[in-house]
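This report refers to the structure that appears directly beneath it.
Rule-based calculations on the coordinates, nothing more; no lab input. Only a predicted model underlies this, so the values are computations on that prediction, with no experimental measurement involved. Note that we place each Cβ from the backbone using ideal geometry, even for glycine, and neighbour counts take in every protein chain shown.
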2 protein chains.
Amino acid sequence: MRLGEGVEWTLHCCLTLGWLETDEPVSTAKLAATFDLPPAYLNKRLQTLVRAGVLSSTPGARGGFRLARPPEKITLMEIVAATEGAEYAFRCTEIRQKGAGAERPAHEFQRQCVITTAMRKAELAWRRELASQTLADMLAAAPVAAAERTRDWFDRVG
Amino acid sequence: MRLGEGVEWTLHCCLTLGWLETDEPVSTAKLAATFDLPPAYLNKRLQTLVRAGVLSSTPGARGGFRLARPPEKITLMEIVAATEGAEYAFRCTEIRQKGAGAERPAHEFQRQCVITTAMRKAELAWRRELASQTLADMLAAAPVAAAERTRDWFDRVG
């Protein structure tokens with residue numbers, strides 16, 4: 001099981017936008033340079049956060065992205081789900097209805113399989129944990145020096 | 001994020017072996033037929049469960065697999081980790097040390113990134129949940145009819 005690299009990218013971009021505490025939109029080019037990421041791919045990821053209402057975007061030469069809401073109103077779950085999709089990691093393909101099960105009537109399989117129930121329960125624990133952590137929690141947990149470094153760097157690169 | 005199809009296969013096979021309550025090893029061919037799965041691929045998955053100590057295997061024409069331990073001593077986490085690997089789903093590639101971070105001294109990044117900490121915390125909640133559920137719990141939660149169907153089918157196919 002692997003989360004895509006996009007999750008690391010979007011979480012770091014949101015943290016950066018939170019640190020900058022600016023109403024000025026930040027361009028994809030600058031966010032990409034901050035982490036040495038490919039701008040076009042990063043832009044696609046950031047657009048999914050816009051669609052999810054986590055970021056807002058301003059078009060144009062001086063355009064870019066900013067947080068659409070205060071950091072305490074943005075959960076990690078929202079960022080992760082927007083980036084990675086909201087599907088369950090465990091996808092039941094109903095193999096219980098194949099082979100030996102294929103000769104059984106469909107109504108015998110109406111109840112959700114105990115395996116799916118158990119796997120979903122674990123995923124809900126994961127989701128609950130991510131939903132309980134906000135971007136504000138992460139900003140508070142990060143070293144002050146990291147925030148300062150980021151602000152300094154953005155001041156310098158203009 | 002997606003768990004491989006192997007997880008559904010191995011969980012169902014363990015459930016089936018638990019239902020059969022037999023000391024006779026069950027062949028890959030029979031387990032594959034139960035769910036209409038490709039025997040060679042399934043066998044590879046079951047071998048990883050043997051290496052993890054979840055199943056034991058008996059070689060030879062009348063050989064096959066059985067549970068290596070009583071179902072109450074086998075957790076879903078063990079089955080999932082054996083099948084899917086024990087790595088974290090979120091893989092931090094330390095992008096904070098690239099771009100703007102590349103000009104900073106390494107010691108500034110000794111502390112784990114808050115993003116990694118938060119993502120790990122969620123995965124630990126997932127793992128904890130899977131570790132709290134045993135194969136015996138699943139056997140108890142499944143409909144009695146499902147266990148009977150499985151035993152009948154294995155009696156018939158010999």
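Could you work out which residue, out of B:A122, B:A61, B:A32, moves most in a Gaussian network model of chain B, that is, has the largest mean-square fluctuation with Cα springs under 10 Å?
B:A61
Which one, B:S57, B:S27, B:S132, has the greatest fluctuation when you compute a Gaussian network model over chain B with C-alpha springs under 10 angstrom?
Result for chain B, Cα springs under 10 Å: B:S132 fluctuates most.
Taking each label point as 7 Å beyond Cα in the direction of the beta carbon, state the distances from A:P105 to the same residue in the other copies, shortest first, in nm.
7.7
In nm, to one decimal, how far is the modelled label at A:D137 from the one at A:Q112, with both set 7 Å along Cα→Cβ?
The two pseudo-label positions are separated by 2.4 nm.
Please compute, for peptide B:7-13, the average count of beta-carbon atoms on other protein chains lying within 10 Å of each residue's beta-carbon.
On the way: counts 7, 11, 2, 0, 9, 4, 1.
Neighbouring Cβ atoms belonging to other protein chains average 5 per residue here.
Given a cut-off of 32 Å, name the pairs among A:K30/A:K73; A:K44/A:K98; A:K98/B:K121; A:K121/B:K44; A:K44/B:K44 whose C-alpha atoms lie farther apart than that in the structure shown.
Pairs exceeding 32 Å: A:K44/A:K98; A:K98/B:K121; A:K44/B:K44.
What nm distance separates the two modelled labels at B:T93 and A:A40, each placed 7 Å from Cα along Cα→Cβ?
About 1.7 nm, to one decimal.
If r is the Cβ-Cβ distance from A:V157 to B:A61 and R0 is 51 Å, what FRET efficiency results, to the nearest 0.05? Can you show the working numbers first?
Values: r = 70 Å, r/R0 = 1.38.
It comes to 0.15.
Would you mind getting me the FRET efficiency between B:A86 and A:R104? Use the beta-carbon distance for r and R0 = 51 Å, nearest 0.05.
E between B:A86 and A:R104, to the nearest 0.05, is 0.90.
Considering amide H positions built from the backbone, and no H for Pro or chain starts, which residues 5 or more places from A:S27, or on another chain, come under 5 Å of its amide H?
A:F65
Compute a Gaussian network model of chain A, connecting alpha carbons closer than 10 Å, and tell me which residue from A:P25, A:P39, A:P105 fluctuates the most.
Between A:P25, A:P39, A:P105, it is A:P105 that shows the largest mean-square fluctuation.
Would you tell me the mean number of C-beta atoms belonging to other protein chains that fall within 10 Å of each C-beta in A:86-95, as a whole number?
5
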